[in-house]
Amino acid sequence: MSTTELRASSEIHLGRQHTHQHGAPLWLSMESAVRGGDICMCEMVQKELGRGDDDLLAWVKRIPGFVCKTTDEELQTVAEISAAHPAWVQGQKNYADPFVIAHAKDDGLIVVTEERRAGPNAEDKNLKIPNVSDEYGVTCMKFFDLLRTQGWKF
């Protein structure tokens, strides 16, 4: 399987549904996948997590190799996405999303997100990660699809 880019919404959803105490096998599997190079997160997603009030950010920081630095190539792709969809990012809304797609595109990754595609002819401000990912040849999947592809069973 290709390495996966985990987006903050999936992390936050996971953290709220399965706390570290109650979902230990799941969290340990994720940590093992990070250490094995199967899961990563771009640094803008880490910054997005920092706006929350839970302990996900501390957990992410404890795992070496989880967060990947933004490259110059990714910044170029972010600029392309921003030019093509100028109304998509609005302040903090969707701020990390172009970086997630750029990271996945440039490294050949799959994006894990709970977002659903906006309908046809959606305005830029209403686009979702899967819509823009399609334009850049990036595959998206839901978190539970990641569980299945990784073969994790609990």
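At a glance:
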item: Matching residues in the range 127-141 - criterion: being surrounded by fewer than 16 Cβ atoms within 10 Å (Cβ to Cβ) and either touching a Gly at 6+ places or on another chain (Cβ under 8 Å) or of a type outside the set (Ser, Thr, Tyr) (or both); result: Asp134, Glu135, Gly137
item: Residue within the range 49-69 that is touching an Asp or Glu at 6+ places or on another chain (Cβ under 7 Å) and either modelled with pLDDT of 95 or more or basic (Lys, Arg) (or both) present; result: yes
item: Failed item, numbered, when Phe144 is tested on (1) in a helix (DSSP H, G or I); (2) modelled with pLDDT of 90 or more; (3) open to solvent by 30 Å² or more (accessible area, probe 1.4 Å); result: (2)
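The values are calculated or read from the model by the stated rules, or taken from the named source; none is laboratory data. What you are looking at is a predicted structure, and each value in this text was computed from that prediction instead of being measured. FYI the Cβ positions are ideal-geometry reconstructions off the backbone, even for glycines, and counts take in every protein chain you see. These area figures cover heavy atoms from the full protein model, side chains too; ligands, DNA and RNA do not enter into them. Shrake-Rupley method; radii C 1.70, N 1.55, O 1.52, S 1.80 Å.
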